[in-house]
Amino acid sequence: MSGSGPAELVRHFYEVVISQNQADRIATFLSPDCTLRTGRDRQPLGVAGMQQHLAATKRTYPDYAIRITRQFCDGEYVISEFQMAGTHEGEWLGIRPSHRRLTFTGINIDRVVDGRIVEHGGAVNTFETLLSAGLIGPA
């Protein structure tokens with residue numbers, strides 16, 4: 001992806017590498033020192049952490065794919081609004097497989113330095129999707 005800007009790199013990473021389960025290509029897009037940012041907290045993520053996250057997600061939604069719907073780029077930071085759709089085939093958070101196609105929306109915030117993602121964070125509207133699908137109910 002040489003010659004591409006940060007937004008294009010991030011889009012390709014999610015829509016192609018992640019969506020097509022190309023775990024062997026993650027190191028091309030992600031810094032070995034990549035951190036996961038949650039609020040002000042940062043935890044090591046790295047290539048192995050992202051590969052583990054991808055494998056776990058694929059166990060629950062084997063056919064899932066991500067589509068970026070909007071992006072905003074400011075210097076090193078890329079904010080991506082996305083939709084992730086996949087068939088719920090694995091147990092997750094105690095919820096048995098529903099075999100239904102579910103669509104989640106969310107936001108990723110990635111920081112790109114020297115052509116690689118060095119920081120990743122974001123949020124997915126998990127609750128709204130599971131509630132509207134009838135897979136969870138009010139407490």
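The values are calculated or read from the model by the stated rules, or taken from the named source; none is laboratory data. What you see is a predicted model; the values in this text were computed from it and never measured. Heads up, the Cβs are rebuilt from the backbone with ideal geometry, glycines too, and the neighbour counts pull from every protein chain shown. Surface accessibility is based on the protein's heavy atoms, side chains included, excluding ligands, DNA and RNA. Shrake-Rupley method; radii C 1.70, N 1.55, O 1.52, S 1.80 Å.
What to note about this one:
- Of all the residues in segment 6-25, those that are in contact with a helix residue (DSSP H, G or I) (Cβ under 8 Å, 6 or more places away or on another chain) and either more than 18 Å from Asp63 (Cα to Cα) or among the charged types (D, E, K, R) (or both) number 2.
- Figure legend. Inter-residue proximity from segment 96-107: first residues among the basic types (Lys, Arg), second residues in a strand (DSSP E or B) and surrounded by 14 or more Cβ atoms within 10 Å (Cβ to Cβ), beta-carbon distance below 6 Å, spacing 6+ or different chains. Indicated pairs: Arg101/Thr87.
- Filtered by the rule that a residue be over 13 Å from the mean Cα position of the chain (by Cα) and open to solvent by 60 Å² or more (accessible area, probe 1.4 Å), segment 76-93 gives Glu76, Tyr77, Glu89, Glu91, Trp92, Leu93.
- Segment 18-64: number of residues that are surrounded by fewer than 16 Cβ atoms within 10 Å (Cβ to Cβ), modelled with pLDDT of 95 or more and of a type in the set (Ser, Thr, Tyr): 1
- For segment 94-112, the set of residues classified as open to solvent by less than 40 Å² (accessible area, probe 1.4 Å) and assigned to a strand (DSSP E or B) consists of Ile95, Leu102, Phe104, Gly106, Asn108, Asp110, Val112, listed by residue number.
- Residue count, segment 21-64 (criterion: in contact (Cβ under 8 Å) with a residue 24 or more places away in the chain, not in a loop (DSSP other than H, G, I, E, B) and not β-branched (Val, Ile, Thr)): 15
- The listed residues are Ile136, Ile68, and the only one of them that is in a strand (DSSP E or B), touching a residue at least 24 places away in the same chain (Cβ under 8 Å) and either in contact with a strand residue (DSSP E or B) (Cβ under 9 Å, 6 or more places away or on another chain) or more than 16 Å from Ala7 (Cβ to Cβ) (or both) turns out to be Ile68.
- Residue in segment 9-20 that is charged (D, E, K, R) and part of a helix (DSSP H, G or I) present: yes
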